[in-house]
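Visitor: Here's a structure for you.
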Amino acid sequence: MVGEIIIDNAVKKFMSADGDEVVALNGINLDIKPGEFVSLIGPSGCGKSTLLRLIAGLIFPDGGRLTLDGKEIKKPDCERGFMFQNHTLFPWLNIYDNVAFGLRARKIYKEKKHNVDEYIELVGLKGFERSYPHQLSGGMCQRASLARALVGHPKVLLLDEPLGALDAFTRMNIQDEILRIRKEHNMTMIMVTHDVDEAIYLSDRVVVMSARPAKIEKVVSIELAHPRARSNPEFLKYRGEILKLLNYGGKITELEYYL
Amino acid sequence: MNLFKKIIPILSAVLAIAVQILVPRSSLHPQSKPYFTYVLIGILSVYLIFFIASFRSKKLNEKLVYRGYFIGGVILFFNILNLLTAKLALLPILYFPSLDRVFGVMAEEYDVLIKCILYSLRLLGLGIFFGALIGIITGICLGFSKSFSYWISPVIRILGPIPSTAWIPLVLISFPSAVSASAFLVGLAVWFPTTLMTSSGISNIQNSYFEISGTLGAGHLYQVFKVGIPAAMPNMFLGLFNGICSSFITLVTAEMIGAKYGIGWYINWQKEMLSYANVYAGLIIIAVLFSVLITLLFRVRDRFLNWQKGVIKW
Ligand SMILES: Nc1ncnc2c1ncn2[C@@H]1O[C@H](COP(=O)(O)OP(=O)(O)OP(=O)(O)O)[C@@H](O)[C@H]1O
Ligand SMILES: [Mg+2]
């Protein structure tokens, strides 16, 4: 399984409500290696979600090219799994059927049935198969949608602030789960986040973006071995560097400051 | 307190029976067997059976406690109505016949009425089935196909508000039989709200459901059936509910054309003869039919939409 993404000079424009053109992405170049974990971080409205949706094939570039393993990305596909900030589990299906949805849609449910149970167990939801999403907590729903995105073994997993709505402890737990899954299946992961610590904790590279014009400010490679300690001085150095790039450098001493 | 709530209907029924027996009939109202008393005794006995059973079943107990005031209130309402008509003759006698006579019609003309019920049920069955089926299909097409919506939405906007009476001449010459013509009118009444609610249900679905199903590998058709339809299901039931309401409203009109029997036809006929006791008997039957049908619909809905418990309330 490979999963190399090449973003070549991607441009995306939108029409604003009053008919003006908004340049959401202004010539983005980024190569993501197979099995790499890349985080996108930047101020609100700088085009992180837009870039992720381009990779997913949910929207199309107005210029430039995006490819996965050399093939141009033209439409959403099970090769590229997606996870939204709010869980978007189907409320009319129970957890089991939600997780099995993709396999059934691709008519491979019969052969891959065991994967459903396996992933439900992996995200710690065993025993909740028959529950409906509204009967579970936000964190449990997010786990379930992680399982749903993973069960079809996508080459690439795209995560748009997947843990943004969760409390700090649940978030740290799921972060570890994501790392474990990644190690096991070696899939490429691209995550949008507002949490600098989360980005450093998980990523091989952190892409810092800037708004207006929407472009890549800098790509920071995180050269720390896993598991990473959040209080390690190296970790804090990366933290300072990224916050500075985001123009929050002055507040570096205030450890609790997030974006 | 809960026991008191359960006893209210019994008190109310006993009170009504007492009034019926002790207060003399006004001489202005024609003589009649005391059918209202029979009805009250019937209701009282059925209620007593439930009342006794409720000491064993917790669920039934809750239901009776909840409905206590309501049942008692309804009986009280009929009691007062009985006083105002048969007992004191305070309301115009022609338009407000005594309850004895209204229930008397049901008891004495049951053979005609049963035939009417069966005819009406056949008409409603045909109309609701085809109206709902075609309505749901049209709604789904409208919701998913831009070009279908481009051509068909204006047509629906024109057809929808036309009152069913206005259709009668056109329907009479276009259909081979009176039954099919009437069924068409009923079907049309069901079709319109069902179509509207289904298509609006589909267009209100969060786009992220479609996006996520695309990234899970679902094709277009699979999305229609496994995302669009289940997500729009609550609205479809709302449409069906409205549709059944309008089918009953249309029933009287639909049975104006060449019907031999039918509750609507019966009401029309009796109205012309100024026998209001019969008209009310017909109306009561329609009301009961309607509430039975709606209860059935709600049962089906609860079956299909048990995921909704705690998500949406209506
Ligand atoms: N469908 C759309 N129509 C019009 N404008 C859009 C659309 N989607 C995004 N935009 C615009 O593109 C820009 C980038 O939006 P995007 O959602 O990618 O930002 P973001 O970086 O994800 O922000 P946030 O961190 O708040 O989620 C914004 O200015 C937004 O207004
Ligand atoms: Mg975003």
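The values are calculated or read from the model by the stated rules, or taken from the named source; none is laboratory data. Given the structure is predicted, the values throughout are model-derived calculations rather than measurements. No Cβ is skipped: glycine too gets one built from the backbone with ideal geometry, and neighbour counts run over all protein chains shown.
Visitor: Only residues that are crowded, with 22+ Cβ neighbours inside 10 Å and within 16 Å of ligand 1 (Cβ to nearest atom): list them for the stretch A:129-168, please.
Guide: Within the stretch A:129-168, A:Leu158, A:Leu159, A:Pro162, A:Leu163 meet the criteria.
Visitor: Considering only strands (runs of 3 or more DSSP E) fully contained in the stretch A:34-104, which possess at least 1 residues that are of a type in the set (Val, Ile, Thr)?
Guide: In the stretch A:34-104, A:37-41, A:63-68 are the strands (runs of 3 or more DSSP E) which contain 1 or more residues that are of a type in the set (Val, Ile, Thr).
Visitor: Within the stretch B:170-188, is even one residue surrounded by 14 or more Cβ atoms within 10 Å (Cβ to Cβ) and closer than 30 Å to B:Thr85 by Cβ?
Guide: No, that holds for no residue.
Visitor: Would you say B:Leu94 is in contact (Cβ under 8 Å) with a residue 12 or more places away in the chain, closer than 30 Å to B:Lys271 by Cα and surrounded by fewer than 12 Cβ atoms within 10 Å (Cβ to Cβ)? Show your work before the answer.
Guide: On the way: in contact (Cβ under 8 Å) with a residue 12 or more places away in the chain: yes; closer than 30 Å to B:Lys271 by Cα: yes; surrounded by fewer than 12 Cβ atoms within 10 Å (Cβ to Cβ): yes.
Yes, satisfied.
Visitor: Spot the failing condition for B:Val252; the list is (1) within 30 Å of A:Ala147 (Cα to Cα); (2) more than 9 Å from chain A (Cβ to nearest Cβ); (3) among the hydrophobic types (A, V, I, L, M, F, W, C); (4) touching a helix residue (DSSP H, G or I) at 6+ places or on another chain (Cβ under 7 Å), and only one is missed.
Guide: (1)
Visitor: Right, here's the next one. In the set B:Leu221, B:Leu216, which member is within 14 Å of chain A (Cβ to nearest Cβ), crowded, with 21+ Cβ neighbours inside 10 Å, over 22 Å from the mean Cα position of the chain (by Cα) and under 30 Å from A:His153 (Cβ atoms)?
Guide: Going through B:Leu221, B:Leu216 in turn, just one is within 14 Å of chain A (Cβ to nearest Cβ), crowded, with 21+ Cβ neighbours inside 10 Å, over 22 Å from the mean Cα position of the chain (by Cα) and under 30 Å from A:His153 (Cβ atoms): B:Leu216.
Visitor: Could I ask something else about it? Test each condition in (1) among the β-branched types (Val, Ile, Thr); (2) in contact with a strand residue (DSSP E or B) (Cβ under 8 Å, 6 or more places away or on another chain); (3) away from ligand 1 (no atom under 13 Å from the Cβ) for A:Ile181 and report the one that comes out false.
Guide: (2)
Visitor: Can you report the number of residues in the stretch A:24-33 which are more than 16 Å from ligand 2 (Cβ to nearest atom) and assigned to a strand (DSSP E or B)?
Guide: 6
Visitor: Hey, another quick one. Among the listed residues B:Pro161, B:Pro176, identify the single one that is at pLDDT below 90 and more than 30 Å from B:Ala231 (Cα to Cα).
Guide: B:Pro176
Visitor: Determine, yes or no, whether A:Glu217 is of a type in the set (Asp, Glu), more than 16 Å from ligand 2 (Cβ to nearest atom) and more than 14 Å from the chain's Cα centre (by Cα).
Guide: In short, yes.
Visitor: Mind checking whether some residue in the stretch A:4-18 is within 17 Å of A:Ile73 (Cβ to Cβ), part of a loop (DSSP other than H, G, I, E, B) and either away from ligand 1 (no atom under 11 Å from the Cβ) or touching a strand residue (DSSP E or B) at 6+ places or on another chain (Cβ under 7 Å) (or both)?
Guide: Yes: the stretch A:4-18 contains one or more residues that are within 17 Å of A:Ile73 (Cβ to Cβ), part of a loop (DSSP other than H, G, I, E, B) and either away from ligand 1 (no atom under 11 Å from the Cβ) or touching a strand residue (DSSP E or B) at 6+ places or on another chain (Cβ under 7 Å) (or both).
Visitor: Which residue out of A:Pro154, A:Pro162 is away from ligand 2 (no atom under 16 Å from the Cβ), in contact (Cβ under 8 Å) with a residue 40 or more places away in the chain, not hydroxyl-bearing (Ser, Thr, Tyr) and not in a helix (DSSP H, G or I)?
Guide: On inspection, the qualifying residue turns out to be A:Pro154.
Visitor: Let me ask another. Could you tell me whether the stretch A:162-173 includes any residue that is at pLDDT 85 or above and touching a strand residue (DSSP E or B) at 6+ places or on another chain (Cβ under 6 Å)?
Guide: Yes - at least one qualifying residue is present in the stretch A:162-173.
Visitor: Shifting gears a bit: Checking the structure you have, find out if any residue of the stretch A:108-123 is within 30 Å of A:Ser231 (Cβ to Cβ) and away from ligand 2 (no atom under 16 Å from the Cβ).
Guide: For the stretch A:108-123, residues within 30 Å of A:Ser231 (Cβ to Cβ) and away from ligand 2 (no atom under 16 Å from the Cβ): present.
Visitor: Filter the stretch A:69-108 for residues that are touching a residue at least 60 places away in the same chain (Cβ under 8 Å), in contact with a strand residue (DSSP E or B) (Cβ under 9 Å, 6 or more places away or on another chain) and facing another protein chain (nearest Cβ under 9 Å) and give the result.
Guide: Across the stretch A:69-108, the qualifying residues are A:Glu79, A:Arg80, A:Gly81, A:Phe82, A:Met83, A:Phe84.
Visitor: Quick one: which of A:Arg230, A:Arg180, A:Arg171, A:Arg212 is of a type in the set (Lys, Arg) and either crowded, with 17+ Cβ neighbours inside 10 Å or within 14 Å of another protein chain (Cβ to nearest Cβ) (or both)?
Guide: A:Arg171
This table checks each residue for (1) among the β-branched types (Val, Ile, Thr); (2) outside any loop (DSSP other than H, G, I, E, B).
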| site | (1), (2) |
| --- | --- |
| A:Met172 | no, yes |
| A:Gln175 | no, yes |
| A:Leu179 | no, yes |
| A:Met191 | no, yes |
| A:Ile200 | yes, yes |
| A:Arg228 | no, no |
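Visitor: Take B:Phe290 and decide whether it is of a type in the set (Phe, Trp, Tyr), in the same structural domain as B:Ser182 (by TED's automatic domain parsing), out of contact with any strand residue (DSSP E or B) (no Cβ under 6 Å at 6 or more places or on another chain) and within 30 Å of A:Tyr96 (Cβ to Cβ).
Guide: So B:Phe290 does not fit the description; no.
Visitor: For the stretch A:42-62, enumerate the residues that are touching a helix residue (DSSP H, G or I) at 6+ places or on another chain (Cβ under 9 Å), closer than 12 Å to A:Leu158 by Cα and near ligand 1 (Cβ under 8 Å from one of its atoms).
Guide: Across the stretch A:42-62, the qualifying residue is only A:Arg53.
Visitor: For the stretch A:48-98, name all the residues that are within 16 Å of ligand 2 (Cβ to nearest atom), of a type in the set (Ser, Thr, Tyr) and within 25 Å of A:Asn9 (Cα to Cα).
Guide: Selection gives A:Ser49, A:Thr50.
Visitor: Can you find a residue in the stretch A:50-60 that is of a type in the set (Phe, Trp, Tyr), within 14 Å of another protein chain (Cβ to nearest Cβ) and surrounded by fewer than 23 Cβ atoms within 10 Å (Cβ to Cβ)? Let's see the steps before the verdict.
Guide: If we filter the stretch A:50-60 for residues that are of a type in the set (Phe, Trp, Tyr), which is where we start, we get A:60.
From what's left, within 14 Å of another protein chain (Cβ to nearest Cβ): A:60.
Those left that are additionally surrounded by fewer than 23 Cβ atoms within 10 Å (Cβ to Cβ): A:60.
Yes - at least one qualifying residue is present in the stretch A:50-60.
Visitor: Right, next: The conditions are (1) surrounded by 22 or more Cβ atoms within 10 Å (Cβ to Cβ); (2) within 14 Å of another protein chain (Cβ to nearest Cβ), and B:Met197 fails exactly one of them. Which is it?
Guide: It is condition (2) that B:Met197 fails.
Visitor: Can you tell me which residues in the stretch B:224-241 are away from chain A (no Cβ under 14 Å) and buried (at least 23 other Cβ atoms within 10 Å of the Cβ)?
Guide: B:Gly239, B:Leu240
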